[in-house]
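No value in this document is a laboratory result; all are computed from the given coordinates. Not measured: the values here are computed from a predicted model. For neighbour counting, all protein chains shown are included, and Cβ atoms are generated from backbone atoms with ideal geometry for every residue, glycine included.
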Amino acid sequence: MIGVVELDEAKRRAYDAGLDLVEIAPDSRPPVCKIMDFGKFKYEQSKKEKANKAKSKASEMKEVRLGRSMKIDPHDVDIRIAQARRFLIEGHRVQIIQNFRGREMAFRSRGDDRMDDIIQRLSDLAKVEVPPRLNGRRMGMILVPEKQKIEVYKRKMIAEGKPVLPSIPEQLEEFEHEDDDDIDDTMDGGSGEE
């Protein structure tokens, strides 16, 4: 900090140093100026802006479509749910879309059932921001990640020695194991025969 200096003197000092005289606070009296490399300053400022944009993109909306119609295989639904899980773990909001074609509109309850199943399967990471609703031939809902649940999930995965962000095939294996448990339960006492 030099103090109050005449403009010509300040310009001369900047020229001698091979730098630029940059006005920092033009509204104050006397105006505040700084001797610096202006090109380097602008470059660093643009890097900071890009970093801030990257941080703000962390919570963008991701869309997961459940096929072109209701005729989608359950395994394909599992893949879409695994994708939604990854997005939620990364901190993104997820919009789930189900399209209806032709006479499928008569079976809207199947779409409601599918959306309820998805909500239940993702309830360990997310909550419903916009409940399922029909807009024309598209049914959609928005899920948002719950930070506390995601932190609990991450700690659990670390404790088990598994990756925090599992790949889709790894998640599908977990889904298959859960389905096997359901089948075992029905086989044990569901038939009524002894």
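Using a Gaussian network model of the chain with C-alpha springs under 10 Å, which one of 134, 122, 19 is most mobile by mean-square fluctuation?
So, out of 134, 122, 19, the one fluctuating most is 19.
When only DSSP loop residues count, what trypsin sites (Lys or Arg not before Pro) in the stretch 113-167 have their Cβ near at most 16 other Cβ atoms within 10 Å?
137
Specify the angular offset, from 0 to 90 degrees and rounded to the nearest 10, of the alpha carbon long axis of helix 168-189 from the longest principal axis of the alpha carbons in the chain.
Roughly 30 degrees between the two axes.
With springs only between Cα atoms under 10 Å apart, run a GNM on the chain and tell me which of 101, 68, 29 wobbles the most.
29
Using the Karplus curve 6.51 cos²θ - 1.76 cosθ + 1.60 with θ = phi - 60°, work out ³J(HN,Hα) for each residue of the stretch 96-106 in order, rounded to whole Hz, and write x for Gly and Pro.
9, 10, 10, 8, 10, 10, x, 7, 4, 4, 6
Straight-line reach from residue 71: which lysines fall under 24 Å, measuring Cα to Cα and dropping same-chain residues less than 8 apart?
Within the straight-line limit of under 24 Å, residue 71 reaches these lysines: 62.
Non-local amide H neighbours of residue 146 (under 5 Å, H modeled in plane, Pro and chain starts lacking H): which ones?
Here 126, 127 satisfy the definition.
Enumerate the amide H contacts of residue 63 below 5 Å, restricted to partners 5 or more residues apart or on another chain; note that Pro and chain-start residues carry no placed amide H.
It is 95, by chain and number.
Using θ = phi - 60° and the Karplus curve 6.51 cos²θ - 1.76 cosθ + 1.60, what whole-Hz ³J(HN,Hα) does each residue of the stretch 15-32 get, with Gly and Pro shown as x?
5, 4, 7, x, 10, 10, 9, 10, 7, 8, 10, x, 7, 7, 10, x, x, 8
Kindly write out, for the stretch 144-152 in residue order, the coupling ³J(HN,Hα) from the Karplus curve 6.51 cos²θ - 1.76 cosθ + 1.60 (θ = phi - 60°), rounded to whole Hz, with x marking Gly and Pro.
10, x, 9, 4, 5, 5, 5, 5, 4
What list of whole percents do you get for P(r) of the stretch 37-176, with Cα-Cα distances grouped in 10 Å bins up to the one holding the largest distance?
For the stretch 37-176, the binned pair fractions read 11, 35, 28, 15, 8, 3, 1 percent.
Return the single residue from 142, 118, 72 with maximal mean-square fluctuation; model: Gaussian network over the chain, springs between Cα atoms under 10 Å.
Most flexible of the set in this elastic network: 72.
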